[in-house]
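*Asks:* To start, I am sharing the structure in question, which I have written as structure tokens.
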Amino acid sequence: MGVNKNKAGWTKEEMAHHVAVDIPDGAYVNLGIGMPELVAGFVPEGREVIYHTENGLLGMGPEPQEGQEDPELINAGKKYVTAIQGACYFHHAESFTMIRGRHIDICVLGAYEVSEAGDLANWSTGKPGAVPAVGGAMDLVAGVRNIFVITKHVTKQGNPKIVENCQLPLTGKGVVKRIYTNLATLEVTPEGLVVKEMAKGIGFDELQEHTEAQLKMPSQ
Amino acid sequence: MIDKQLPSLAEAVEDVKDGSVVMISGFGEAGSPIELIHALIDQGARDLTIVSNNTGSGHVGIASLIDHRRVRKMICSFPRTTNSIVFPELYANGEIELELVPQGTLAERIRAGGAGIPAFYTPTSVGTPLEEGKEKREFDGRAYVMEYGIKADFSLVKCEAADRYGNLVYNKTARNFGPIMCTAAETTIVQAKRMADLGGLDPEAVVTPGIFVQRIVEINHPLDESKLVSEDWRYPWE
């Protein structure tokens with residue numbers, strides 16, 4: 001264990017590209033804070049994707065140019081953003097109507113742990129004394145049909161993040177559809193975790209070695 | 001004649017009592033009514049329950065209200081951000097209560113409170129530590145938890161423009177919790193960047209109908225919170 005760490009396999013940008021090609025034309029998409037934000041840069045040309053940010057904007061555009069920052073135009077991570085032509089603003093209850101009411105097609109989130117049943121832990125490290133903060137994560141996983149996780153395959157210490165059962169406090173149970181890591185793309189199915197694609201130079205046995213949950217190849 | 005505009009911030013917040021429940025609009029600094037919050041600090045009410053998405057940054061706005069030990073309890077979805085110093089310290093010392101609510105549940109609880117709906121069911125938090133103690137029920141084979149509506153004694157809200165009837169429009173993502181908080185309080189107090197004449201706001205574009213607003217103070221040039229935080233200002237100004 002640990003030979004691989006996070007060095008071999010796909011880069012963050014390649015991971016984001018894998019997610020982006022799975023986003024169809026016309027999709028309404030919510031991107032979580034951090035690595036998920038990279039996805040917007042890789043959507044293939046010709047596809048029109050509308051980005052939702054839960055603080056109240058549909059039609060979020062890229063970062064503003066220097067000097068154009070507006071403190072009243074931010075995303076859920078409180079970063080300055082822009083609004084595209086055709087964007088609209090709305091209040092929080094309406095924003096979460098879009099989320100909880102199943103109107104958003106895809107949400108891409110980071111993870112501390114994902115289980116083979118698609119349970120997600122991504123809001124609390126479970127450390128005693130830490131200030132708990134949940135934001136919109138639990139609403140997103142409860143309301144968006146397609147939850148895609150983008151994450152390094154193992155932790156900085158080399159421990160598996162894709163596990164039989166999450167040890168950290170859950171964000172939602174059985175909610176994740178796909179997992180995009182630096183080593184592979186996995187699909188959560190009723191039969192377990194199925195490998196859709198592996199990074200160049202990574203074999204199934206090596207992938208399994210870095211994964212606590214049991215993996216399956218599609219033919220099995 | 002109806003004229004909800006008041007000449008001063010002090011008059012607008014003068015009847016907030018010890019123990020009041022106060023909703024404060026804003027997502028981070030966007031939409032946070034910083035002048036009204038500072039007026040509330042000057043006014044002196046304590047033992048407050050504050051309903052707001054965050055706990056403020058640095059030592060201004062909500063963070064300053066908390067720093068002055070005016071807040072008994074926060075009802076909040078994300079109490080720590082990059083520049084939140086005050087709340088984490090008080091929380092670690094057990095000097096402030098926290099009711100952690102998922103963001104969409106918080107919004108819907110406020111909406112329900114304003115709409116006369118005492119409780120509702122939501123799938124959010126089922127199967128997580130935040131479902132503890134909540135009544136559960138199944139609908140069409142899916143589990144939901146019951147959540148209560150929230151009402152407040154006062155809401156403090158920032159908007160872009162108001163007329164004297166209390167009709168409001170907002171600016172971009174500063175709208176966030178403002179419209180729902182206006183509906184959920186006994187007394188809604190608004191700071192508007194600009195007063196419009198009657199008829200000056202397009203009726204088709206009004207976001208908050210005036211019936212939900214009781215008091216308005218015009219603040220043409222609100223403070224820039226992130227600038228104050230980066231320069232380490234503290235309210236009251238030393």
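Quick note: the coordinates plus some simple rules give every number you see, no bench work behind them. For clarity, every value in this text was computed on a predicted model and none was experimentally measured. Neighbour counts are summed over all protein chains in view; Cβ atoms, including those assigned to glycine, are modelled from backbone coordinates with ideal geometry.
Residues checked against (1) surrounded by fewer than 22 Cβ atoms within 10 Å (Cβ to Cβ); (2) more than 14 Å from chain B (Cβ to nearest Cβ); (3) aliphatic (A, V, I, L, M):
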position: A:A121; (1), (2), (3): no, no, yes
position: A:G129; (1), (2), (3): yes, no, no
position: A:A133; (1), (2), (3): yes, no, yes
position: A:N146; (1), (2), (3): yes, yes, no
position: A:T151; (1), (2), (3): no, yes, no
position: A:K156; (1), (2), (3): yes, yes, no
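*Asks:* Give the residue that is surrounded by the fewest Cβ atoms within 10 Å (Cβ to Cβ), with candidates limited to residues of segment B:42-62 that are outside any strand (DSSP E or B) and touching a Lys or Arg at 6+ places or on another chain (Cβ under 9 Å).
*Replies:* B:G44
*Asks:* Conditions: (1) in a loop (DSSP other than H, G, I, E, B); (2) under 15 Å from B:L36 (Cα atoms). B:G199 meets all but one. Number of the miss?
*Replies:* (2)
*Asks:* Next question. Go through (1) more than 21 Å from A:V149 (Cβ to Cβ); (2) more than 10 Å from every other protein chain (Cβ to nearest Cβ); (3) assigned to a loop (DSSP other than H, G, I, E, B) for A:E72 and report which single condition fails.
*Replies:* For A:E72, the exception is condition (2).
*Asks:* In segment A:109-128, what residues are touching a residue at least 60 places away in the same chain (Cβ under 8 Å) and at positive phi?
*Replies:* Within segment A:109-128, just A:G118 meets the criteria.
*Asks:* Exactly one of these conditions fails for A:F42: (1) surrounded by fewer than 18 Cβ atoms within 10 Å (Cβ to Cβ); (2) within 13 Å of chain B (Cβ to nearest Cβ). Give me its number.
*Replies:* It fails just one condition, (2).
*Asks:* For A:N182, work out the one condition from (1) touching a strand residue (DSSP E or B) at 6+ places or on another chain (Cβ under 7 Å); (2) buried (at least 22 other Cβ atoms within 10 Å of the Cβ); (3) away from chain B (no Cβ under 13 Å) it doesn't fulfil.
*Replies:* Among (1) touching a strand residue (DSSP E or B) at 6+ places or on another chain (Cβ under 7 Å); (2) buried (at least 22 other Cβ atoms within 10 Å of the Cβ); (3) away from chain B (no Cβ under 13 Å), A:N182 violates only (1).
*Asks:* Moving on to the next point. Going through segment B:79-109 one residue at a time, which ones are facing chain A (nearest Cβ under 7 Å), of a type in the set (A, V, I, L, M) and over 16 Å from B:A63 (Cα atoms)?
*Replies:* B:L100, B:A107, listed by residue number.
*Asks:* Please list, ordered by residue number, the strands (runs of 3 or more DSSP E) wholly in segment B:118-192 having 1 or more residues that are touching a helix residue (DSSP H, G or I) at 6+ places or on another chain (Cβ under 6 Å).
*Replies:* So the answer is B:119-122, B:142-148, B:152-162.
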